[in-house]
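Notes follow once the structure below has been shown.
What follows draws every value from the coordinates through simple rules; no lab data is involved. Values in this document were obtained by computation on a predicted structure and should not be read as measured data. Here the Cβ positions follow ideal geometry from the backbone for every residue, glycine too, while neighbour counts run over all protein chains shown.
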Ligand code: APR
């Protein structure tokens with residue numbers, strides 16, 4: 001017996017009939033892989049820090065070694081995790097529909113789950129660049145434990161400036177090309193799934209509005225209600241790793 005609620009037939013029909021599916025994902029997508037969500041209290045080493053306060057240009061200016069160490073901890077953590085059934089379902093869905101993932105996550109679990117079209121709105125944990133001259137830094141980084149002693153970021157090969165994570169911090173602009181590709185993916189789909197995001201952080205949180213204005217059905221997959229919930233065609237209060245295989249399976253005959 002399972003306690004997971006059933007998915008309404010109307011939603012299963014939307015999923016099975018959609019030829020172009022766009023999936024906007026947030027931290028809840030990777031929660032069941034063991035990656036802590038952003039607004040969860042942090043555990044262990046980082047319990048005394050607020051994640052949303054570490055992911056800022058101000059935190060970097062104040063203490064680059066602290067911020068670097070936090071990213072090295074996350075880098076290490078994500079390398080130990082595996083895509084969950086939700087990531088794999090999105091990858092598998094590509095055999096029967098055109099599926100585009102627009103993610104706020106900086107992990108690589110969508111790619112490892114088999115998705116081939118992934119737009120990273122907030123950058124990647126695995127890309128680094130110089131904080132001074134912006135030159136990409138492609139050398140291996142040391143993410144080995146322990147992570148409790150702040151470690152200095154590496155120096156840029158070109159200008160010796162401190163190397164920073166290639167992610168978008170609060171208050172920073174989103175990279176142009178993934179943003180534009182994401183807008184197109186939302187405009188051009190038959191179904192928008194919004195999975196595991198608090199729908200609080202703009203501009204990503206504004207993407208569903210584009211679909212809504214075009215009359216494109218929006219289905220939210222989130223264990224909790226969000227500010228988007230009332231705008232959706234349907235809301236599934238089911239964890240991503242349970243809901244997505246059931247939605248995608250409709251395509252597998
Ligand atoms: N399945 C579905 N939804 C889940 C699950 C799950 N297993 N677990 C948690 N959730 C939901 C929560 O209810 C919450 O709404 O995922 C959401 C996670 O919210 P956040 O931690 O705020 O993550 P997100 O919305 O992705 O944050 C957006 O803000 O901090 C910045 O740049 C960072 O990309 C991040 C952005």
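So how much slack lies between residue 62 and residue 234, counting 0.36 nm per residue of separation and subtracting their Cα-Cα distance, in nm? If you can, show how the numbers build up before the last one.
Values: separation 172, 0.36 × 172 = 61.92 nm, distance 4.37 nm.
Net length gain for the segment: 57.6 nm.
Quick check: the angle from helix 64-80's long axis to the longest principal axis of the chain, C-alpha only, nearest 10 degrees?
Relative to the chain, helix 64-80 is tipped by roughly 40 degrees.
Tell me, what is the Rg over Rh of the stretch 8-123, with Rh the Kirkwood radius over Cα pairs?
Numbers: Rg = 16.6 Å, Rh = 15.7 Å.
Using Cα coordinates only, the ratio equals 1.05.
Using 1/(1 + (r/R0)^6) with R0 = 35 angstrom and r between the beta carbons of residue 177 and residue 144, what's the FRET efficiency to the nearest 0.05? Could you put the intermediate results ahead of the total?
Numbers: r = 33 Å, r/R0 = 0.94.
In this case the efficiency is close to 0.60.
Would you compute, from DSSP H runs of 4+ residues alone, the mean residue ellipticity of the chain at 222 nm, taking -39500 (n - 2.57) per run and dividing by the full residue count, rounded to the nearest 500?
On the way: 10 runs with 82 residues, N = 253.
Helix contribution divided over all residues of the chain: -9000 deg cm²/dmol.
In what sequence do 4, 100 fall when counting other Cβ within 10 Å, fewest first? Display every interim value, and only then the final one.
On the way: 4 12, 100 23.
Starting with the residue having the fewest Cβ neighbours, the order is 4, 100.
Measure out, as a whole number of angstrom, how far apart the alpha-carbon centroids of the stretch 1-60 and the stretch 142-168 sit.
27 Å
How far apart, in nm, are two points set 7 Å out from the Cα along the Cα-to-Cβ line at residue 224 and at residue 158?
4.1 nm
With each pseudo-label sitting 7 Å past Cα toward Cβ, what's the residue 98-residue 184 distance in nm, one decimal?
Each label point lies 7 Å from its Cα, and together they span 1.0 nm.
For helix 176-187, what angle does its Cα long axis make with the longest principal axis of the chain, in degrees from 0 to 90 and rounded to 10?
Around 10 degrees separate the two axes.
Using a simple spin-label model with points 7 Å from Cα along the Cα→Cβ vector, what separation in nm is obtained for residue 20 and residue 112?
That separation, rounded to one decimal, is 3.1 nm.
Using just the Cα positions, wrap the chain in a convex hull and report its mean projected area in square nanometres, one decimal place. Can you show the working numbers first?
Working: hull surface 56.6 nm².
Here the figure is 14.1 nm², rounded to one decimal.
For each of 128, 38, count neighbouring Cβ atoms within 10 Å of the residue's Cβ, then give the residues from fewest to most.
Values: 128 25, 38 19.
Lowest count first: 38, 128.
Using the 10 angstrom Cβ neighbour count as an exposure proxy, how do 77, 193, 125 rank, fewest first? If you can, show how the numbers build up before the last one.
Working: 77 17, 193 29, 125 25.
Fewest-to-most ranking of 77, 193, 125: 77, 125, 193.
Only residues of the stretch 216-238 count here: report those whose backbone N is under 11 Å from the spot 7 Å along Cα→Cβ of residue 12, or say none.
The answer is none.
With both bridge residues required to lie in the chain, what share of the DSSP beta bridges run antiparallel, to the nearest 5%? Please list the in-between numbers first.
Working: 8 of 29 bridges.
So the antiparallel bridges amount to about 30 percent of the total.
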